[in-house]
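The values are calculated or read from the model by the stated rules, or taken from the named source; none is laboratory data. Note that this is a predicted model, so its numbers are computed, not measured. Cβ coordinates were reconstructed from backbone atoms using ideal geometry, including for glycine residues, and neighbour counts include every protein chain displayed.
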Amino acid sequence: MNKPITTANVQPNDLSQFWMPFTSNREFKAAPRLLVSAKGMHYKSHDGRDILDGSAGLWCVNIGHGHPKVVEAVKAQTDTLEFTPSFQFSQPLSFDLAQKLSLMTPEGMDRIFYTNSGSEAVDTALKIALAYHRVRGESSRTRLIGRARGYHGVGFGGISVGGIPANRKFFGPLMNGVDHLPHTHNLAEQAFTKGQPEWGAHLADELENLVALHDASTIAAVIVEPMAGSTGVLVPPKGYLERLRAITEKHGILLIFDEVITGFGRLGSSFASEYFGVKPDLFTMAKGLTSGYVPMGAVAADNLIYDAFMEGSPEGIELFHGYTYSAHPLACAAATATLEVYEEEGLFQRAADLSPYWEEAVHAMKGLPNVIDIRNIGLVAGIELSSREGAPGKRGMEACIKAYEAGLMIRVTGDIIALSPPLILEKSHIDEMVEITSNVIKALE
Ligand SMILES: Cc1ncc(COP(=O)(O)O)c(C=O)c1O
């Protein structure tokens with residue numbers, strides 16, 4: 001150590017050392033937005049203001065902030081057992097949690113692999129898909145197919161199948177053997193649709209073209225977000241996911257749903273697979289799994305996939321993959337308590353019950369200046385603003401800052417505002433969110 005950690009060496013309010021992720025460090029450090037505590041639907045800012053949480057933190061705090069049940073569970077777990085390896089050892093809570101999760105996953109998708117984040121869950125799902133084909137003797141199936149505008153975290157696997165240009169272009173050639181479906185958004189056909197658009201199911205047929213191009217025998221898996229969140233809330237067209245399922249099944253290609261955002265009540269159901277009635281072969285989860293109280297992600301696999309490893313691998317380790325912190329005891333405790341809160345407070349049903357009110361409230365912003373589309377599903381809304389000439393993203397970022405000044409946390413992607421509040425919210429919070437967002441939009445140049 002160069003210098004001891006003493007008060008003389010640690011300056012208060014020095015923001016220079018922390019290199020912030022997905023943030024303009026230069027802008028932020030010139031005018032920081034620091035949050036110092038949180039309870040229920042609100043954060044408290046460093047200047048003592050209540051900030052209504054319109055984004056569940058980062059799409060994760062579904063049970064609201066400071067829930068005593070989860071806080072206590074994590075504290076108690078820290079007292080009892082703070083760490084166990086999960087390579088060759090484990091702890092009972094990890095198995096109990098997997099069993100509980102399997103009660104929520106679609107029938108026959110009972111096998112749970114733990115990670116620490118959504119990005120790791122994505123890379124894990126992709127690796128399982130590749131290895132699955134190999135253990136079954138189809139090792140030519142190595143190609144992965146993602147979708148334009150897809151967000152699958154920031155690992156090399158995730159950015160390779162992902163389709164957000166800024167997240168890819170700085171990082172070289174990425175993974176080999178990846179192709180992309182077109183995204184499903186079309187303003188001319190879909191603007192201001194409430195819920196799922198009628199137009200666009202045919203875009204799933206593009207997969208047939210990729211199969212024709214590459215041959216099914218080279219394709220391992222297709223990965224999509226059932227509802228694309230981070231790119232700015234793209235709701236799947238009616239029938240689209242069903243078609244993707246039919247085409248993947250026909251060609252022996254695994255279908256992976258990235259449910260990092262859509263899991264745990266965001267759409268008013270356990271998972272999007274349940275909401276849309278489409279069962280993938282693998283799906284990822286994170287965020288709402290622990291409501292963000294402790295980092296955790298996971299992959300749920302079809303039992304047949306797990307069985308293929310158990311039957312097809314030589315003796316010994318079946319999958320050479322895992323993380324030091326897979327099934328971390330604190331994360332398992334947080335997730336177990338979070339699942340109990342979902343059930344005891346009926347939060348998935350609450351989200352479903354509130355969604356018609358939500359839909360009407362957010363669509364009331366139609367007609368405000370620069371609003372070119374509003375879309376919604378479950379307790380999610382995207383409000384797309386037109387971009388300023390030569391300055392894409394500027395209007396969106398200004399909206400984020402103005403909303404924060406007015407007491408509301410929103411998430412922006414480029415010029416699209418995303419709202420995705422904790423599922424505990426009341427109608428009055430919806431009204432407040434829409435009022436602040438409307439005033440912010442009106443005040444933008
Ligand atoms: C669909 C999806 N996949 C993966 C991720 C990455 O998760 P994490 O940031 O926990 O790595 C996200 C994060 O927003 C996401 O929305």
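Restricting the search to region 99-115, which residues are of a type outside the set (Asp, Glu) and out of contact with any strand residue (DSSP E or B) (no Cβ under 6 Å at 6 or more places or on another chain)?
Scanning region 99-115 gives GLN99, LYS100, SER102, LEU103, MET104, PRO106, GLY108.
Give the residue, chosen from GLY396, GLY390, GLY367, that is more than 11 Å from GLY54 (Cβ to Cβ) and crowded, with 23+ Cβ neighbours inside 10 Å.
Unique residue meeting the criteria: GLY396.
Any idea which of (1) away from the ligand (no atom under 14 Å from the Cβ); (2) surrounded by fewer than 24 Cβ atoms within 10 Å (Cβ to Cβ); (3) farther than 22 Å from LEU126 by Cα is the one CYS332 doesn't satisfy?
So CYS332 meets the others, but not (2).
With the structure loaded, tell me whether LEU181 is in contact with a helix residue (DSSP H, G or I) (Cβ under 7 Å, 6 or more places away or on another chain) and of a type in the set (A, V, I, L, M, F, W, C) or whether it fails that test.
It is true that LEU181 is in contact with a helix residue (DSSP H, G or I) (Cβ under 7 Å, 6 or more places away or on another chain) and of a type in the set (A, V, I, L, M, F, W, C).
Yes or no: region 323-344 includes at least one residue that is over 19 Å from GLN88 (Cα atoms), modelled with pLDDT under 95 and out of contact with any Leu (no Cβ under 6 Å at 6 or more places or on another chain).
So far as region 323-344 goes, no, none of its residues is over 19 Å from GLN88 (Cα atoms), modelled with pLDDT under 95 and out of contact with any Leu (no Cβ under 6 Å at 6 or more places or on another chain).
Among the residues of region 184-203, is any of a type in the set (Ser, Thr, Tyr), within 16 Å of the ligand (Cβ to nearest atom) and assigned to a loop (DSSP other than H, G, I, E, B)?
Yes, that holds for at least one residue.
Please enumerate the residues belonging to region 123-166 that are of a type in the set (Lys, Arg) and without any contact (Cβ under 8 Å) to a residue 40 or more places away in the chain.
Answer for region 123-166, where residues must be of a type in the set (Lys, Arg) and without any contact (Cβ under 8 Å) to a residue 40 or more places away in the chain: just ARG134.
Tell me which residues, restricted to region 101-120, are more than 16 Å from the ligand (Cβ to nearest atom) and either over 23 Å from ALA308 (Cα atoms) or of a type in the set (S, T, N, Q) (or both).
Result: SER102, THR105.
Can you pull out every residue in region 206-242 that is in contact with a Leu (Cβ under 8 Å, 6 or more places away or on another chain), assigned to a helix (DSSP H, G or I) and farther than 13 Å from ASP179 by Cβ?
TYR240
Quick one: is GLY288 in contact (Cβ under 8 Å) with a residue 24 or more places away in the chain, within 27 Å of LEU207 (Cβ to Cβ) and surrounded by 21 or more Cβ atoms within 10 Å (Cβ to Cβ)?
It is false that GLY288 is in contact (Cβ under 8 Å) with a residue 24 or more places away in the chain, within 27 Å of LEU207 (Cβ to Cβ) and surrounded by 21 or more Cβ atoms within 10 Å (Cβ to Cβ).
Yes/no per residue for (1) in contact with a His (Cβ under 8 Å, 6 or more places away or on another chain); (2) assigned by TED's automatic domain parsing to the domain that holds ALA228; (3) basic (Lys, Arg):
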residue	(1), (2), (3)
PRO85	no, yes, no
LYS100	no, yes, yes
GLU107	no, yes, no
ILE112	no, yes, no
SER117	no, yes, no
THR124	yes, yes, no
ILE128	yes, yes, no
TYR132	no, yes, no
ARG136	no, yes, yes
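Tell me which residues, restricted to region 237-266, are β-branched (Val, Ile, Thr) and either away from the ligand (no atom under 13 Å from the Cβ) or outside the structural domain of ARG136 (by TED's automatic domain parsing) (or both).
Hits for region 237-266 are ILE247, THR248, ILE253.
Among the residues of region 131-156, which ones are near the ligand (Cβ under 10 Å from one of its atoms) and either farther than 23 Å from TYR306 by Cα or among the acidic types (Asp, Glu) (or both)?
GLY150, TYR151, GLY153, VAL154, GLY155
Output the residues belonging to region 403-423 that are over 22 Å from ASP47 (Cβ atoms) and surrounded by 21 or more Cβ atoms within 10 Å (Cβ to Cβ).
Selection gives ASP415, ILE416, ILE417, ALA418, LEU419, SER420, PRO421, PRO422, LEU423.
Of everything in region 267-315, what is outside any loop (DSSP other than H, G, I, E, B), closer than 21 Å to THR336 by Cα and within 16 Å of the ligand (Cβ to nearest atom)? Give them in sequence order.
ALA272, PHE283, THR284, MET285, LYS287, GLY288, LEU289, GLY297, ALA298, VAL299, ALA300
Of the residues that make up region 260-269, is at least one surrounded by fewer than 23 Cβ atoms within 10 Å (Cβ to Cβ), on the phi > 0 side of the Ramachandran plot and under 18 Å from the mean Cα position of the chain (by Cα)?
Yes: region 260-269 contains one or more residues that are surrounded by fewer than 23 Cβ atoms within 10 Å (Cβ to Cβ), on the phi > 0 side of the Ramachandran plot and under 18 Å from the mean Cα position of the chain (by Cα).
Hey, among the residues in region 23-63 that are charged (D, E, K, R) and either surrounded by fewer than 13 Cβ atoms within 10 Å (Cβ to Cβ) or in contact (Cβ under 8 Å) with a residue 60 or more places away in the chain (or both), which one's nearest to the ligand (Cβ to nearest atom)?
ASP53
Considering each of ILE164, ILE159, ILE128 in turn, give the residue that is within 16 Å of the ligand (Cβ to nearest atom), crowded, with 21+ Cβ neighbours inside 10 Å and farther than 18 Å from LEU282 by Cβ.
One residue alone meets the criteria, ILE159.
Just to be sure before I move on: is THR231 closer than 24 Å to LEU304 by Cβ and buried (at least 21 other Cβ atoms within 10 Å of the Cβ) in the structure I sent?
So THR231 fails the test.
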